[in-house]
Structures are given as C-alpha cells and as structure tokens.
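Everything below concerns the one structure shown next.
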Amino acid sequence: MHGYEEPVYLISVVAKVLSIHPQTLRQYEREGLIEPSRTEGRMRLYSQRDMDKIKMILRLTRDLGVNLAGVDIVLQFKNQIDEFEKEIELLKKELATLKKQSTIDENKNLIKKKHLYDVILFGE
C-alpha cells in the first residue's frame, strides 16, 4: 500500500482510471492546476492526492461548468481555507494549553489577532 502523497501512478493509469485523455492532464499541468512529480527520465507520476485534486477539477468543470480560470480561483480559496483551518486548530490547542495552566481567567474574553484578511469579489 502506498502513501496518500507518494507519486506512483503513470499518466496513462490516471487517464484510464478517471476516464480522461492524457492531454487533458497535461493541460491541467500547463495551467498550473496540478503539479505531478517527475522521474529522472521526466515521466509524470501522480499520487492519490493528485488524483483526488483532479477529481475535484473534473467535478467543477464537468458538473458545475466552471472554466479553468475559475477552477484555479476555487483551488486557491480551498488552499486558504485549509490554511485557516490549520491555524484555528493550532489556536484551539494553544488556548487549551493556556486554560490547563490556569493563565486565563475564564470570565474574561481572549482575543488573539494574527492576521487581517480581506476578500474582494468583483462582479457585474
């Protein structure tokens, strides 16, 4: 059994499993949506994580009609959300540690501000 991030699948295998043309995978790579690993002989190798990302791209393009530029934006937002969730988990652990050490008065609010994020959406 291979790890989730271990690159083991050739482009032909990924194309067959996901019922897409290998050229589509190459296009996704050119667009910067995926970044498969390479062997010393420059052959593309995909991990299970890559396959899951490709499935999401296919779901967005086929089922929801999102173009590749839109997919790129969705993936960037997803990465930001993942980072925010990790930061929230770290802050929760830090808060739990502080509570265990009794350095926080339970009757007071604790606000820790690390970053200010702005999201600007443009539309017609």
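Readers should treat all values here as calculations from the given coordinates under stated rules, not as data from a laboratory. All values reported here derive from a predicted model rather than from experimental measurement. Neighbour counts are summed over all protein chains in view; Cβ atoms, including those assigned to glycine, are modelled from backbone coordinates with ideal geometry.
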>> Skipping prolines and chain starts, which residues have an amide H placed within reach, meaning under 5 Å, of the one on V66, given they are 5 or more residues away or on another chain?
In response: T61
>> Can you compute log10 of I(q)/I(0) for the stretch 9-100 with the Debye formula, treating each Cα as one identical point scatterer, at q = 0.15, 0.21, 0.22 Å⁻¹?
In response: -0.66, -1.01, -1.08
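Please work out the FRET efficiency for the pair I20 and E83, using the Cβ-Cβ distance as r and a Förster radius of 25 Å; give the result to the nearest 0.05.
With a Förster radius of 25 Å, E is 0.30.
Ranked by Cβ crowding within 10 angstrom, fewest neighbours first, how are S19, S37, S47 ordered?
By the 10 Å Cβ count, ascending: S19, S37, S47.
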>> Under the rule of at least 5 residues apart or a separate chain, name every residue whose amide H is placed under 5 Å from the amide H of S37.
In response: L45, S47
> Tell me, what HN-Hα J-couplings in whole Hz come from the Karplus equation 6.51 cos²θ - 1.76 cosθ + 1.60 at θ = phi - 60° for each residue of the stretch 10-24, using x for Gly and Pro?
Replying inline: 6, 4, 5, 5, 4, 4, 5, 4, 9, 6, 10, 7, x, 5, 5
> For the stretch 9-100, what is the relative contact order in percent, using Cα pairs closer than 8 Å and at least 6 residues apart in sequence?
Replying inline: 21 percent
